[in-house]
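These notes concern the structure reproduced below.
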Amino acid sequence: MRFLGLLLLGMATVAGAAPEGRQQRTVALFSELQDAPPFSADDMAARQKDGDAKDEGQAADLALNNWKNCMIESLARWAPLRLGPGTMIDGAFGRCADTERDYRGHLMKITQDGRQVVDVSMARSMTKMLEDAWRPRLTAMALDQEMARLLPPAPAQPAPPVKP
């Protein structure tokens, strides 16, 4: 229940006050980010550009994005094995477990007014919610890959004639 209260109130911020104009990272923000697709490399670089290297919220943001990319890359890598969505997704969770642990570890280092905001239980709950939120998305990706393999390629359309 403590987690839901903080989530709803969005009270957990990164250590110290965030500079003006810079988005504060909250538990509610991470909850929203968990449901979103990953950022491109350029977008992630822009998000991290003006950040402090010691900012645990920023490190958690990067680890979360890395986890999403790891999951997607795993499905694409293993698609030729034709093992079925469940096996591929379980394998991807295993392959990306270290990145998920990094994300959880950074979440637990976020402080507000010198106090830890995300405890072990809350961090585990958040990563469980991350996995639960992404499982249907990953299933759809795996099924799309299998469908693309089964469907014949679309016939090439002839180029329109060039008018003199």
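Structure values in brief
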{"quantity": "Identity of the residue in region 20-37, under 18 Å from LEU107 (Cα atoms) and part of a loop (DSSP other than H, G, I, E, B), that ends up modelled with the highest pLDDT", "calculated": "ALA36"}
{"quantity": "Residue match in region 143-153 (condition: under 26 Å from ALA46 (Cβ atoms), at pLDDT 90 or above and either not charged (D, E, K, R) or not in a helix (DSSP H, G or I) (or both))", "calculated": "no"}
{"quantity": "Which numbered condition ALA53 misses (of (1) closer than 23 Å to GLN145 by Cα; (2) surrounded by fewer than 16 Cβ atoms within 10 Å (Cβ to Cβ))", "calculated": "(1)"}
{"quantity": "Among the candidates LEU7, LEU64, LEU75, residue that is in a helix (DSSP H, G or I), more than 13 Å from the chain's Cα centre (by Cα), at pLDDT 65 or above and surrounded by 18 or more Cβ atoms within 10 Å (Cβ to Cβ)", "calculated": "LEU75"}
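The values are calculated or read from the model by the stated rules, or taken from the named source; none is laboratory data. Treat the numbers as computed from the prediction; the structure is a model and nothing was measured. In this analysis, Cβ positions are derived from the backbone assuming ideal geometry, glycine residues included, and neighbour counts consider all displayed protein chains.
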